[in-house]
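The values are calculated or read from the model by the stated rules, or taken from the named source; none is laboratory data. Just so you know, these numbers come straight off a predicted model, no measurement behind them. Reconstructed Cβ throughout: ideal geometry from the backbone, glycine too, with neighbour counts over all protein chains shown.
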Amino acid sequence: MAQYETRLHIVVEDPEVWSRFEEADDGGLGLAGLASEEETSFVRVDWSLCEEDLKELVACLAETIGRDGFILADTTDANSDDPDYIVYWAGYGIHDASFEGSAYCMATDIEDLENCLGFEDYFSFTGDELGVLADLGIDL
């Protein structure tokens, strides 16, 4: 039986972006409340989603965040040799990839975005996406 270990990190340019989730689906993450807390980052590591559900969630979140944020999510099956699965959004489309035999999920801390995004050239960004990352203070 699959036992997925799933991680999610969202960074927004301004805490007010979270208020968009008052009327939007956030998969039960409670993101709207972060606006009043003046948070620009959200991390969740204690949950389990399969690849299909994770991609669907990121697409839903991305629709609400738009170009005002970055989303990085990954999942791996802890009980098999299935590949690490990564989904990310940087304002201009959902990207996803599987990496067979990868150590990505075990070797990275989802809170350290620069480390994750620099892992073995797994990530590729367009010039526009790099602009979104720069606006968020994420340097690659």
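Below is a table of values for the structure above.
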quantity: Residue under evaluation GLU63, criteria (1) loosely packed, with under 15 Cβ neighbours inside 10 Å; (2) part of a strand (DSSP E or B), criterion not met; calculated: (2)
quantity: Members of the range 1-26 found to be small (Gly, Ala, Ser) and either outside any loop (DSSP other than H, G, I, E, B) or crowded, with 18+ Cβ neighbours inside 10 Å (or both), listed by number; calculated: SER19
quantity: Residue list for the range 33-60, restricted to those being crowded, with 16+ Cβ neighbours inside 10 Å and assigned to a helix (DSSP H, G or I); calculated: LEU34, GLU51, LEU54, LYS55, LEU57, VAL58
quantity: Some residue of the range 87-100 being part of a helix (DSSP H, G or I), in contact with a Phe, Trp or Tyr (Cβ under 8 Å, 6 or more places away or on another chain) and free of Cβ contacts under 8 Å to residues at least 40 places away in the same chain; calculated: no
quantity: Odd one out for LEU72 among (1) hydrophobic (A, V, I, L, M, F, W, C); (2) outside any strand (DSSP E or B); (3) within 20 Å of SER41 (Cα to Cα); calculated: (2)
quantity: Criterion (out of contact with any helix residue (DSSP H, G or I) (no Cβ under 6 Å at 6 or more places or on another chain), at pLDDT below 85 and surrounded by 13 or more Cβ atoms within 10 Å (Cβ to Cβ)) met by exactly one of ASP77, ASP81; calculated: ASP77
quantity: Qualifying residue in the range 111-123 (condition: at pLDDT 95 or above, farther than 16 Å from GLU5 by Cβ and surrounded by fewer than 12 Cβ atoms within 10 Å (Cβ to Cβ)); calculated: no
